[in-house]
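The values are calculated or read from the model by the stated rules, or taken from the named source; none is laboratory data. No experiment lies behind these values; they were computed from the predicted model shown. Backbone-built Cβ (ideal geometry, glycine too); neighbour counts: all protein chains shown.
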Amino acid sequence: MNRVPNADMPTEKDLKKIGRGTMVEKIAIVDDVKLSLVSWYDNKVVNLLSAFVGSEPTSTKTRYFRKDKQYKDITSPQCVDVYNRHMGGVDLLDSLLGLYRIKIRSRQWYKKIFFHLVDMCAVNAWLLWRRKTDQYMSLFDFKLAISEHYCKAGKSISRKRGRPSISNPGTPTLSRGNTPTSSRTGTPTSRNESFTPRKRARKTPAKVQDLPLNSVRTDKIDHFPIHQKNRQLCQNDCSLRSHIKCEKCDVFLCLNEKRNCFREFHLV
């Protein structure tokens, strides 16, 4: 209220002298916008500035006066009633914003405002999505889905440049004399050195693969089949296993002369 020109509102001390239920309203015009400035004294002074609602029509509230040890009715402005009626949505938004906030540090103040607006848009979109569908998705998964869409949908796969990475340290490598050496110590190892054979691995259930978003699955950009050594279950509602995996969607799909789940999966 201090930034509103010619807004000489009474102080809390002046309103307290008059008593609870005291209300003062002034009208100001800033940039051709009509603003209502309301000061209302209850237990403490309440200042409200609104371009939507003012003090009229007033309502009646019941308050307990300790000095008189009895309940009395006081006048309440309409802007206070509207605020109390809708403040729950604001508190819900603030609590959801604090769960998964964008934690990118920046010295520029405008970037912090931009990140805050992005968080607000994501939370409000999630709340609207919950009203329109019965499908459950947490706020964390919803924001991950938005990130995946903007990172993958309609975009080509970035190719890695440079030489391939070196094998893991500690694995034996061959020297010029064809003698196995350890990459950590550089000392040669004997071929006749005793070793324990590997135990045969037990068969484990197939790992559940995360399906891509529909916007990523059907964008028809850089969905290349790549051959894998180990087979996994086809993700096109198929009970067979396949060596072929989509490079972009990261799921296994059948692709042979009898079945073409790869094509069906990427169609609308």
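So residue 79 passes all but one of these: (1) over 32 Å from the mean Cα position of the chain (by Cα); (2) at pLDDT below 85; (3) assigned to a helix (DSSP H, G or I). Which condition number does it fail?
(2)
Kindly indicate whether any position in segment 123-133 is farther than 21 Å from residue 18 by Cα, surrounded by 10 or more Cβ atoms within 10 Å (Cβ to Cβ) and in contact with a helix residue (DSSP H, G or I) (Cβ under 6 Å, 6 or more places away or on another chain).
Yes: segment 123-133 contains one or more residues that are farther than 21 Å from residue 18 by Cα, surrounded by 10 or more Cβ atoms within 10 Å (Cβ to Cβ) and in contact with a helix residue (DSSP H, G or I) (Cβ under 6 Å, 6 or more places away or on another chain).
Determine the pairs where a residue that is assigned by TED's automatic domain parsing to the domain that holds residue 229 and at pLDDT 90 or above, located within segment 244-262, has a partner that is acidic (Asp, Glu) and buried (at least 21 other Cβ atoms within 10 Å of the Cβ) with Cβ atoms under 8 Å apart, the partner being 6 or more residues away or on another chain.
Going by the 8 Å Cβ cut-off, there are no qualifying pairs.
Search segment 136-158 for residues being assigned to a loop (DSSP other than H, G, I, E, B) and at pLDDT below 85, and hand back the single one that is surrounded by the most Cβ atoms within 10 Å (Cβ to Cβ).
Here the residue is 153.
Have a look at 64, 71, 83, 100 and point out the one that is of a type in the set (Phe, Trp, Tyr), surrounded by 15 or more Cβ atoms within 10 Å (Cβ to Cβ) and in contact with a strand residue (DSSP E or B) (Cβ under 8 Å, 6 or more places away or on another chain).
83
Of (1) surrounded by 10 or more Cβ atoms within 10 Å (Cβ to Cβ); (2) of a type outside the set (S, T, N, Q); (3) within 40 Å of the chain's Cα centre (by Cα), residue 7 satisfies all except one. Which?
In the conditions (1) surrounded by 10 or more Cβ atoms within 10 Å (Cβ to Cβ); (2) of a type outside the set (S, T, N, Q); (3) within 40 Å of the chain's Cα centre (by Cα), residue 7 misses (3) alone.
Output the residues belonging to segment 19-35 that are closer than 15 Å to residue 76 by Cα and not charged (D, E, K, R).
The answer is 19, 21, 22, 23, 24.
Looking at segment 72-111, which of its residues are hydroxyl-bearing (Ser, Thr, Tyr) and under 17 Å from residue 56 (Cα atoms)?
Across segment 72-111, the qualifying residues are 75, 76, 83.
Just need a number here: residues in segment 214-250 that are polar (S, T, N, Q) and assigned to a loop (DSSP other than H, G, I, E, B).
Looking only at that region, the number is 4.
Please work out if residue 209 is of a type outside the set (D, E, K, R) and at pLDDT 75 or above.
In short, no.
Name the residues in segment 212-241 that are more than 28 Å from residue 147 (Cβ to Cβ), buried (at least 16 other Cβ atoms within 10 Å of the Cβ) and modelled with pLDDT of 85 or more, would you?
Listed by number, the list is empty, since nothing qualifies.
Specify the residue that is surrounded by the most Cβ atoms within 10 Å (Cβ to Cβ); the eligible residues are those in segment 242-268 that are of a type in the set (A, V, I, L, M) and closer than 20 Å to residue 152 by Cβ.
253
Could you go through segment 87-95 and let me know if any residue there is surrounded by 13 or more Cβ atoms within 10 Å (Cβ to Cβ), in contact (Cβ under 8 Å) with a residue 12 or more places away in the chain and part of a helix (DSSP H, G or I).
yes
Out of all the residues in segment 51-61, which are assigned to a strand (DSSP E or B) and either at positive phi or surrounded by 15 or more Cβ atoms within 10 Å (Cβ to Cβ) (or both)?
61
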